[in-house]
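Student: Sharing a structure below in structure tokens format, with a few things to ask.
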Amino acid sequence: MVNNYKYLDPNHKYTDKNGVLYNLANIKDEKVLAVYESLKVSKRLEEIYENPLKIKGSISLITIHHYLFQDVYEWAGKTRSVNISKDGKPFFQGERFEMGFKYIDNLILEYRNIKSRNKKELAIKLAEIFDNVNFLHPFREGNGRAQREFLRVLVLEKGLTLNLNPADNKDVYEKYMNGTINSDTKILTDLIFELFEKDR
């Protein structure tokens, strides 16, 4: 997938002059770093899949990000200090993160008040949470992977499962990406509900 992100980082806080992210392994080649990151994060994902972190609130998104990227980046689990846009559309301004996290906490409380049997209502609220977490985009890198794990664990609270990036079904991932990129909560709701129904 083409990276259409734009980062306002004139002082190179996160990247060297060639645009390669500073990393704990001191890798200078972007393609090598991508492979290294994938291997390290995949291992952490396997670990966290077996032993999910409990969601205490929006702060758990930071905990999850740190766990996944702790082997790769010094700033794992730290909110970004640069602003980001994609295809000309800006994400949440870093200066207002506190307000954004509080809003997501309110959405989580609303989600937890929905009965487990009301799958459609759960799907609607989860899509709203996901859309807002994606707009928040609190990290310089790794937002999608942290978001998907965050949502997966929230769903576990209701005795359900949710995999938005299954290895054997690219259609699910494409719908998920379409919904997040276009901030289309209907697409996300329909996808989540469809996956809930398959989990019966």
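Student: Out of curiosity, is Lys170 loosely packed, with under 13 Cβ neighbours inside 10 Å and free of Cβ contacts under 8 Å to residues at least 60 places away in the same chain?
Tutor: Criteria met by Lys170.
Student: Within region 34-44, how many residues are surrounded by 16 or more Cβ atoms within 10 Å (Cβ to Cβ) and either in contact (Cβ under 8 Å) with a residue 40 or more places away in the chain or under 16 Å from the mean Cα position of the chain (by Cα) (or both)?
Tutor: Residues that pass the stated criteria total 3.
Student: Now for a separate question. Within region 70-92, track down each residue that is buried (at least 17 other Cβ atoms within 10 Å of the Cβ) and within 18 Å of Val133 (Cα to Cα).
Tutor: Across region 70-92, the qualifying residues are Ala76, Gly77, Thr79, Arg80, Ile84, Phe91, Phe92.
Student: Follow-up question, since we're still on this one. Picking from Glu149, Glu110, which residue would you name as being surrounded by fewer than 21 Cβ atoms within 10 Å (Cβ to Cβ) and either of a type in the set (Asp, Glu) or touching a residue at least 60 places away in the same chain (Cβ under 8 Å) (or both)?
Tutor: Unique residue meeting the criteria: Glu110.
Student: Say we look at region 14-33 and pick out the residues that are of a type outside the set (S, T, N, Q) and in contact with a helix residue (DSSP H, G or I) (Cβ under 8 Å, 6 or more places away or on another chain); which of these is surrounded by the fewest Cβ atoms within 10 Å (Cβ to Cβ)?
Tutor: If we take residues in region 14-33 being of a type outside the set (S, T, N, Q) and in contact with a helix residue (DSSP H, G or I) (Cβ under 8 Å, 6 or more places away or on another chain), then Gly19 is surrounded by the fewest Cβ atoms within 10 Å (Cβ to Cβ).
Student: Please go through region 42-70 and give me each residue that is among the hydroxyl-bearing types (Ser, Thr, Tyr) and farther than 26 Å from Glu110 by Cα, ordered by number. Even if it seems obvious, please write down each step before you answer.
Tutor: The initial filter retains those residues of region 42-70 that are among the hydroxyl-bearing types (Ser, Thr, Tyr), namely 42, 49, 58, 60, 63, 67.
The answer is Ser42, Tyr67.
Student: Follow-up. Restricting attention to region 160-182, which residues are part of a loop (DSSP other than H, G, I, E, B) and either more than 17 Å from Ile48 (Cα to Cα) or touching a Phe, Trp or Tyr at 6+ places or on another chain (Cβ under 7 Å) (or both)?
Tutor: Leu160, Leu164, Asn165, Ala167, Asp168, Asn169, Asn182
Student: Return the residues of region 9-34 that are of a type in the set (D, E, K, R) and either outside any loop (DSSP other than H, G, I, E, B) or farther than 17 Å from Phe139 by Cα (or both); say none if nothing qualifies.
Tutor: Hits for region 9-34 are Asp16, Lys17, Lys28, Asp29, Glu30, Lys31.
Quick note: the coordinates plus some simple rules give every number you see, no bench work behind them. Please read these numbers as outputs of a predicted model, since none were measured by experiment. We place every Cβ from the backbone using ideal geometry, glycine too, and count neighbours over all the protein chains shown.
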